[in-house]
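Following: one structure in structure tokens, then a few remarks.
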Amino acid sequence: QGTRDHAPAQAALRERLLSAVVSCFKRHGAAAIDTPVLELRETLVGKYGEGAKLIYELQDQGGELLALRYDLTVPFARYLAMNKITNMKRYHIAKVYRRDNPATTRGRYREFYQCDFDIAGQFDPMIPDAECLKIVHEILSDLQLGDFVIKVNDRRILNGVFAVCGVPESKFIPACSTVDKLDKVPWEEVRSEMVGEKGLSPEAADRIGDYVQLHGGLELIERLLQDPKLSQNKLAKEGLGDMKLLFEYLTLFGITGKISFDLSLARGLDYYTGVIFEAVLLQQENEHVEEPVSVGSVAGGGRYDGLVGMFDPKGRKVPCVGVSIGIERIFSILEQRLEASGEKLRTTETQVLVATPQKHLLAARLKLISELWDAGIKAEMLYKKDPKLLKQLQYCEDTGIPLAAIVGEQELADGVVKLRDVATREEVSM
């Protein structure tokens with residue numbers, strides 16, 4: 001099926017993960033929104049480049065063509081246009097659907113969560129874009145996933161590169177989706193796809209190769225601004241100017257150590273218009289390896305200034321920039337780590353088990369647990385009339401419940417409850 005059930009431990013891990021992401025989004029002042037799982041087919045088609053073949057299409061009884069949402073960005077753009085909203089900072093965490101070949105070991109499914117943060121509105125250049133990158137940096141640092149790098153590029157720079165290398169404009173998008181494979185396959189394969197499948201001349205492909213294998217920081221931006229060919233291209237010049245500004249803001253945020261300006265980054269979606277970025281986890285295979293090995297993208301996003309206008313009857317544009325956190329891939333990584341460490345994850349948050357040491361005390365347990373629940377304390381009891389005390393304490397140990405509240409005949413006579421620390425076995429009466 002390419003989807004999966006989650007056992008309690010996995011569900012608890014995912015919940016913890018999602019709550020860390022949500023708290024970061026809220027810290028940045030985003031409001032939550034929700035959109036339907038079903039969209040009109042025409043809403044989704046033509047927005048995802050080569051990904052369009054992965055859209056799940058449906059038909060209702062009246063013959064209306066529908067589709068399951070493929071991501072959370074296109075529905076958000078449709079929502080802004082329908083409601084004539086020109087300014088919004090939002091987050092959305094929900095499931096999306098892709099008719100993909102699943103690879104469950106690598107966190108690739110047909111049904112999976114996306115965690116999106118977007119800023120819509122007309123603002124000064126690169127300030128919201130820098131905040132999106134700061135959010136990715138915060139989340140990946142908070143989750144302690146190890147070393148990572150956030151690659152940034154700009155669609156305008158890429159299009160400028162294609163133009164000066166002699167690629168016709170009609171082939172920009174196909175060339176883009178081929179360049180996007182550079183993180184997975186070597187340049188030779190990308191080059192042969194460009195020439196063989198996308199119809200580019202070998203000379204153009206070679207010239208593209210000289211650019212798309214470059215990566216660096218501010219010094220590379222400065223160098224490209226002086227490049228005799230690129231500096232003559234209006235689009236590339238705009239993109240490089242904004243990239244320079246972006247790096248200035250990222251320096252103020254103190255995160256440029258994890259940022260790489262990478263000309264091979266293309267992101268295969270059609271709707272990006274400006275800055276694009278992708279976060280990649282790095283895995284140091286062993287100490288002798290100079291270059292860390294990438295374990296795949298865990299977040300991505302960019303600027304999409306034209307998308308809202310596609311849904312507006314008058315074509316009114318709302319500039320947007322956003323990021324999506326690849327929670328499934330992160331979840332797969334953390335799950336593997338947890339298994340490797342042998343650490344047990346608590347599946348409930350129960351704080352106290354209400355227990356009785358003698359028979360015929362069910363009424364006392366029910367009264368006490370009711371008081372605890374009403375006071376907002378997370379409590380449990382065993383569903384037996386007369387359970388043995390040892391069995392109740394064993395249940396606490398097995399499930400990681402830290403405290404047992406014990407009421408026996410003596411406690412009832414004295415008007416106290418005995419509170420037992422399960423781990424240390426210390427007891428206090430109160």
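The values are calculated or read from the model by the stated rules, or taken from the named source; none is laboratory data. Quick caveat: nothing in here was measured; it's all calculated off a predicted structure. Heads up, the Cβs are rebuilt from the backbone with ideal geometry, glycines too, and the neighbour counts pull from every protein chain shown. All accessible areas refer to the heavy atoms of the entire protein, side chains included, with ligands and DNA or RNA removed. Shrake-Rupley method; radii C 1.70, N 1.55, O 1.52, S 1.80 Å.
Of note:
- Listing of strands (runs of 3 or more DSSP E) fully contained in segment 292-370 that carry 3 or more residues being open to solvent by 50 Å² or more (accessible area, probe 1.4 Å): 293-303
- All positions within segment 145-186 that are in a strand (DSSP E or B) and either closer than 21 Å to residue 51 by Cα or touching a Phe, Trp or Tyr at 6+ places or on another chain (Cβ under 7 Å) (or both): 150, 151, 152, 153, 154
- Residue match in segment 230-243 (condition: surrounded by fewer than 22 Cβ atoms within 10 Å (Cβ to Cβ), touching a His at 6+ places or on another chain (Cβ under 8 Å), in a helix (DSSP H, G or I) and at pLDDT 95 or above): no
- Once segment 82-101 is narrowed to residues that are crowded, with 18+ Cβ neighbours inside 10 Å and within 21 Å of residue 49 (Cβ to Cβ), the residue that is nearest to the chain's Cα centre (by Cα) is 96.
- The set of residues in segment 134-151 being within 17 Å of residue 331 (Cβ to Cβ) and among the charged types (D, E, K, R) consists of 142 alone.
- Among (1) touching a Lys or Arg at 6+ places or on another chain (Cβ under 9 Å); (2) surrounded by fewer than 22 Cβ atoms within 10 Å (Cβ to Cβ) - the single one residue 173 does not satisfy: (1)
Residues checked against (1) farther than 24 Å from residue 302 by Cβ; (2) open to solvent by 50 Å² or more (accessible area, probe 1.4 Å):
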| residue | (1), (2) |
| --- | --- |
| 5 | yes, yes |
| 27 | no, yes |
| 36 | yes, yes |
| 41 | yes, yes |
| 45 | no, yes |
| 51 | no, no |
| 58 | yes, yes |
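- Enumeration of residues in segment 178-204 that are of a type in the set (A, V, I, L, M) and touching a residue at least 24 places away in the same chain (Cβ under 8 Å): 179, 182, 200, 204
- Checking 267, 191, 207, 223 one by one, the residue that is open to solvent by 30 Å² or more (accessible area, probe 1.4 Å) and at positive phi is 267 and no other.
- Positions within segment 155-170 being charged (D, E, K, R) and open to solvent by 70 Å² or more (accessible area, probe 1.4 Å), in sequence order: 169
- Hey, residue 422 crowded, with 18+ Cβ neighbours inside 10 Å, modelled with pLDDT of 95 or more and of a type in the set (Val, Ile, Thr) or not: yes
- Among the residues making up segment 239-264, those that are in contact (Cβ under 8 Å) with a residue 60 or more places away in the chain and either closer than 24 Å to residue 206 by Cα or polar (S, T, N, Q) (or both) are 239, 240, 260, 261, 262, 263, 264.
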